[in-house]
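Written below as structure tokens is the structure these notes are about.
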Amino acid sequence: MSMRETFRIALKNPKFKIGITIVFIMALIALVGPLLTPFDNMGYYPIKFGNTTFSKPTTPSLPPMSKDVVYGPEGIVNVTHYLGTDSFGRDIYAQLTYGMRSSFLVGITAGGLATILGLLIGFIAGYKGGWTDEILMMITNIMLVIPTMALLIIIAAYLPYRGVAIESIIIGLTAWPWTARAVRAQTLSLKNREFVHLARLSGLSDFKIIFTQIMPNIISYVFMVFILQFGGAILAAVGLDFIGLGPTKGMSLGIMLQQAVLWNAITLGYWWWAIPPGLVIAILITGLYFINTGLDEVFNPRLRRE
Amino acid sequence: MKELLKVEHLTKIFTSGLIGGFEIRAVDDVSFSIREGEIVSLVGESGSGKTTVGKLILRLLMPTSGKLLFEGRDVIKMKKKELKQYYYRRVQAVFQDPFASFNPLHTIDKVFDFVFDSYFPELDKNERDEMIDKALLQVGLNPDQIRGKFPHQLSGGQLQRILIARALLLKPKLLIADEIVSMLDASTRIDVLNLVGDFRDKYGTSVLFVTHDLALGYYISDTTIIMYRGTIVEMGNTEKVFHNPLHPYTQMLLESVPDLNVKWEFKGIEPEKEEESVYSIHGCRYAPRCHRATEKCFRVRPELREVEKHHWVACHLYE
Amino acid sequence: MAMLTVEDLKIYYSTPIGHVKAVDGVSFEVKKGEVFGIAGESGCGKSTLVHSLILRKPPMIHIGGKALFKGRDLMTMDLKESKKIRYTELSIIPQYAMNALNPTKKIRDIVWDLAREHGYNNRKEIENILRERLEMVKLSSKVANMYPVELSGGMRQRATMVVSTLLNPDLLIADEVTSALDVTTQRVVIELLHHFMEEGIVKSIIFVTHDLALLDKIADRIMIMYAGKVVEIGPTEEVINEPAHPYTQLLLSALPRLGIQYKKQKLRGIPGYPISLLNPPKGCRFYTRCPHAFEKCPHVEPELIEVGRDHYASCHLLGGGNQ
């Protein structure tokens, strides 16, 4: 079943279509959204004075779709706050869309790192067996036992400077263990499946067996694992950001939530500050879930409703 | 008839756990031979080591010790190139689980493609298709209903026939048939087994039929080997072994087969006692369950002796 | 009064593409003190049939017919009543029984939980019975304190048999209990079932299997099923030695026996494949594979006709039939 065929079958699957549409729309918003607003990533209005840029807040605590005025060097500028402003006069829509960019980035980087690491370690351990397996599994098991959040908190707290890149790396380095275990289990079971034996009896070289027989049966699984890691990384980043251990500069969905809570957005009635980031996260994760369930049916022919 | 395969003192010990484990002597000092055009059934229950013997012969596992000679050549020392170009051209297999024998992501045609790619690379697509269709017809399948389908769309019986057709392409000298009909319905079993017999009649292929079903073994084979816990307890000409079973284990096996010609008297059978480390016994493996075991049986392992022509047994009662 | 009377039972599976008519109008009777064998290949409906007697869960639905167990209809019994009779009057040893025991509990705890649910509150008494039964199946009393994983396959099978019959059910259903076993363990299980009946622990047994040769040893009466219907039913001796239905005849001739060798006499299987149960044909369900099929067969469904004393088969060749 070539890549093209797989894709064709995937596109016919309803769950996959729903999921990929959701995620696609979210990605589109993250990409294009910031371009539709004059505000910067923190929600301020950037005013240029020669070589410096001054970030100017606008009217605080405005509800969604409020019109506002900015007094700049060129004169009066009329702006619309699509999602209102927070208690500091920063535009929510800008924060949200820039924040989504940051979350997607963390998801891809951290998720990708965790998946690749898990794949490599799990596959080598499963196929090689023996001492290699024992040592790699010992490391994996130790990592599994350590609570990830606590580890992330400790590492993050000790870093002098935190950026999105560092955050992605530390999340990626702590999320690979259960992928490794799962991939190892799959490899072990596939290694002794009769079709692998039959391939060997048909004269296939070890290399060909690994890449044409075993890998494809795992790759499909890896796809789904990446989706889960992607979602998990986003959630882990939100978690870190929420308790203040996120990037020291910049905006993300988690930081938005943190600030909304810190400044009592809900109690004061400024629901447009707290709800949008949470909603976006929920919708995104739901979309990812649908993709995964749909892919499961695509890759496992038996689950398809023929 | 010429000797095709010779198994000499083959032993396979599995150790579980790298740091302090225990060992399982799955195959323990097994020796036998298969001649050209002979159908041998390797009979045993679970834990007898019969499947392991099959895998060792196919070089899917490496033995702990012992020799394996095919047409006089040492199979264990063969390197990958010789295995591919010489050995697997002459020795093939069909396994027990038809659904596990196919890669679920590929159509069934792929298994033929592998054989062509490795052994008949010069054939073009049309020639390949012709050969595949012919092979499928020979095993009683209609190519139109089979080609291009995925394994989960076909039945177990059809899949096993496809696997036999695949082996047919190479016209091997030896076919290892590992429990090939145990997962099939009773009505399909005989037909698939007949195919294997036809194989031998038409092409002179020898067959090693690994099974736990004595009736099937009796039906198809010339020679029968009975294994228990990694050792051969009795072997020889099928009719002799079945009509004159010498080893107490063989006798018990035959009594337990629900055969339509035999009436059972319900007298109570001694079931297996709790699992003791049977594998570490130095004497006869069957001693703990044998009604006629003597003290010697627990100490000394009996050797295979030819008690009558073409009939060997490993039991102290016959020394 | 018969132990179990099944009348025209219809059990279908509801799927997104329609109803799979797994059991389509089956009638039979199990008397007190008899072993009733149900034979057939995979897909014939025998497992569905016996499971529907114990527990019906979607997608399994009861479409029609009755199953009168000691006079009460199992199909319309309410949940409370069915729970009460389970294990005490009607019990099942399921397929893959070896894995049916709770792996996290010791055998004696599993048994005690079971007993307590059915109102027994004397733990000592239950443990005594357990010990007796373990001895009966030739397991040592140490087994009571073990977890299921500590036992070998054959031992677990015997332990499951003890658990299923501890409360002396009147009717025991054994669903393919020997399929995954070695031939020697199989013999032990059959002997034990026989022993249970002799000792009065169970009064009747329904033995479901695909192995006709096994039924020849243990069953008093046999019912052969094919594609959801009964094709033949009668005393074991008659069904095995004078099979009336072509399917039974072919099935028996496809069984290898000690004494028949391929070199001298080739056996034949049954060619073709069973029909789809989503849209079964109007007529006889076996006609696509029957060597004796004639024009009437695909259109008219054959009825059960008496071919011997208490021996029935449904085939147009035997005459009779409906319009």
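Return the residues of region B:11-30 that are in a strand (DSSP E or B) and either of a type in the set (Val, Ile, Thr) or at pLDDT 95 or above (or both); say none if nothing qualifies.
Here is the first cut: in region B:11-30, the ones in a strand (DSSP E or B) are B:11-16, B:22-30.
Matches in region B:11-30: B:11, B:13, B:15, B:24, B:27, B:30.
Please verify whether residue C:134 is more than 14 Å from chain B (Cβ to nearest Cβ) and among the hydrophobic types (A, V, I, L, M, F, W, C), treating the condition exactly as stated. Full working, then the answer.
On the way: more than 14 Å from chain B (Cβ to nearest Cβ): no; among the hydrophobic types (A, V, I, L, M, F, W, C): yes.
For residue C:134, the condition - more than 14 Å from chain B (Cβ to nearest Cβ) and among the hydrophobic types (A, V, I, L, M, F, W, C) - is not met.
For region A:43-76, how many residues are of a type in the set (Gly, Ala, Ser) and touching a helix residue (DSSP H, G or I) at 6+ places or on another chain (Cβ under 9 Å)?
Qualifying residue count for the region: 2.
Scan region A:242-290 for residues that are out of contact with any Asp or Glu (no Cβ under 8 Å at 6 or more places or on another chain), within 17 Å of residue A:41 (Cβ to Cβ) and not basic (Lys, Arg) and jot them down.
Across region A:242-290, the qualifying residues are A:248, A:250, A:251, A:256, A:276, A:277, A:280.
Could you check region C:210-220 and list, in sequence order, the residues that are more than 10 Å from every other protein chain (Cβ to nearest Cβ) and surrounded by fewer than 23 Cβ atoms within 10 Å (Cβ to Cβ)?
C:220
Report whether or not residue C:107 is farther than 23 Å from residue C:177 by Cβ and buried (at least 19 other Cβ atoms within 10 Å of the Cβ).
Judged against the criteria, residue C:107 is not a match.
Looking for something out of contact with any helix residue (DSSP H, G or I) (no Cβ under 9 Å at 6 or more places or on another chain) and surrounded by fewer than 17 Cβ atoms within 10 Å (Cβ to Cβ) - is there at least one such residue anywhere in region A:236-254?
Taking every residue of region A:236-254 in turn, at least one turns out to be out of contact with any helix residue (DSSP H, G or I) (no Cβ under 9 Å at 6 or more places or on another chain) and surrounded by fewer than 17 Cβ atoms within 10 Å (Cβ to Cβ).
Looking for something buried (at least 16 other Cβ atoms within 10 Å of the Cβ) and outside any loop (DSSP other than H, G, I, E, B) - is there at least one such residue anywhere in region A:48-55?
no
For region B:133-146, indicate whether the set of residues that are buried (at least 20 other Cβ atoms within 10 Å of the Cβ), at negative phi and within 14 Å of chain A (Cβ to nearest Cβ) is non-empty.
no
Among the numbered criteria (1) within 14 Å of chain B (Cβ to nearest Cβ); (2) part of a helix (DSSP H, G or I), which one does residue C:109 miss?
The number of the failed condition is (1).
Considering only region C:143-221, give the helices (runs of 4 or more DSSP H) lying wholly within it that have at least 2 residues that are closer than 21 Å to residue B:44 by Cβ and of a type in the set (Gly, Ala, Ser).
Passing ranges, in order: C:153-165.
Only one of C:250, C:255, C:267 is under 28 Å from residue B:40 (Cβ atoms), at pLDDT below 90 and crowded, with 19+ Cβ neighbours inside 10 Å. Can you tell me which?
None of the other options fit; the residue is C:255.
May I ask you to verify whether residue C:80 is away from chain B (no Cβ under 14 Å), closer than 28 Å to residue C:31 by Cα and at pLDDT below 85?
No, not satisfied.
Just one of (1) closer than 23 Å to residue B:168 by Cβ; (2) more than 8 Å from chain B (Cβ to nearest Cβ) trips up residue A:213, so point out which.
Going through the list (1) closer than 23 Å to residue B:168 by Cβ; (2) more than 8 Å from chain B (Cβ to nearest Cβ), residue A:213 breaks only (2).
Scan region A:161-181 and give yes if some residue there is at pLDDT 85 or above and either among the acidic types (Asp, Glu) or outside any helix (DSSP H, G or I) (or both), otherwise no.
yes
For the subset of region C:245-278 comprising residues that are β-branched (Val, Ile, Thr) and touching a Ser or Thr at 6+ places or on another chain (Cβ under 9 Å), which member is nearest to the other protein chains (Cβ to nearest Cβ)?
It comes out as C:270.
Read through the list (1) in contact with a Phe, Trp or Tyr (Cβ under 6 Å, 6 or more places away or on another chain); (2) among the basic types (Lys, Arg); (3) more than 29 Å from residue B:6 (Cβ to Cβ), then give the number of the only condition that residue B:171 fails.
Of (1) in contact with a Phe, Trp or Tyr (Cβ under 6 Å, 6 or more places away or on another chain); (2) among the basic types (Lys, Arg); (3) more than 29 Å from residue B:6 (Cβ to Cβ), only one is false for residue B:171: (3).
Consider residue C:153 carefully, then state whether it is more than 14 Å from chain B (Cβ to nearest Cβ) and surrounded by fewer than 20 Cβ atoms within 10 Å (Cβ to Cβ).
no
Which residues, counting only those in region C:279-289, are away from chain B (no Cβ under 14 Å) and surrounded by 13 or more Cβ atoms within 10 Å (Cβ to Cβ)?
Matches in region C:279-289: C:280, C:281, C:283, C:284, C:285, C:287.
What's the number of the only condition in (1) part of a helix (DSSP H, G or I); (2) surrounded by fewer than 20 Cβ atoms within 10 Å (Cβ to Cβ); (3) of a type in the set (S, T, N, Q) that residue A:87 fails to meet?
Condition (1) is where residue A:87 drops out.
Looking at (1) part of a loop (DSSP other than H, G, I, E, B); (2) over 23 Å from residue C:208 (Cα atoms); (3) within 28 Å of the chain's Cα centre (by Cα), which is the one condition that is false for residue C:121?
With respect to (1) part of a loop (DSSP other than H, G, I, E, B); (2) over 23 Å from residue C:208 (Cα atoms); (3) within 28 Å of the chain's Cα centre (by Cα), residue C:121 is out only on (3).
Give the residues of region B:33-54 that are in contact (Cβ under 8 Å) with a residue 40 or more places away in the chain, under 17 Å from residue B:173 (Cα atoms) and outside any loop (DSSP other than H, G, I, E, B), sorted by residue number.
Once the filter is applied, which keeps residues that are in contact (Cβ under 8 Å) with a residue 40 or more places away in the chain, under 17 Å from residue B:173 (Cα atoms) and outside any loop (DSSP other than H, G, I, E, B), region B:33-54 yields B:34, B:35, B:39, B:40, B:41, B:54.
Are any of the residues in region C:185-199 more than 21 Å from the chain's Cα centre (by Cα), more than 14 Å from every other protein chain (Cβ to nearest Cβ) and modelled with pLDDT of 85 or more?
no
Between A:199, A:156, which is touching a residue at least 24 places away in the same chain (Cβ under 8 Å) and either within 14 Å of chain B (Cβ to nearest Cβ) or of a type outside the set (Lys, Arg) (or both)?
A:156
Could you please find all residues in region B:69-89 being away from every other protein chain (no Cβ under 11 Å) and crowded, with 16+ Cβ neighbours inside 10 Å?
Once the filter is applied, which keeps residues that are away from every other protein chain (no Cβ under 11 Å) and crowded, with 16+ Cβ neighbours inside 10 Å, region B:69-89 yields B:69, B:70, B:71, B:75, B:78.
The values are calculated or read from the model by the stated rules, or taken from the named source; none is laboratory data. Being a predicted model, the structure only gives us computed values, none of them experimental. Here the Cβ is made from the backbone with ideal geometry for all residues, glycine too, and neighbour counts use every protein chain on show.
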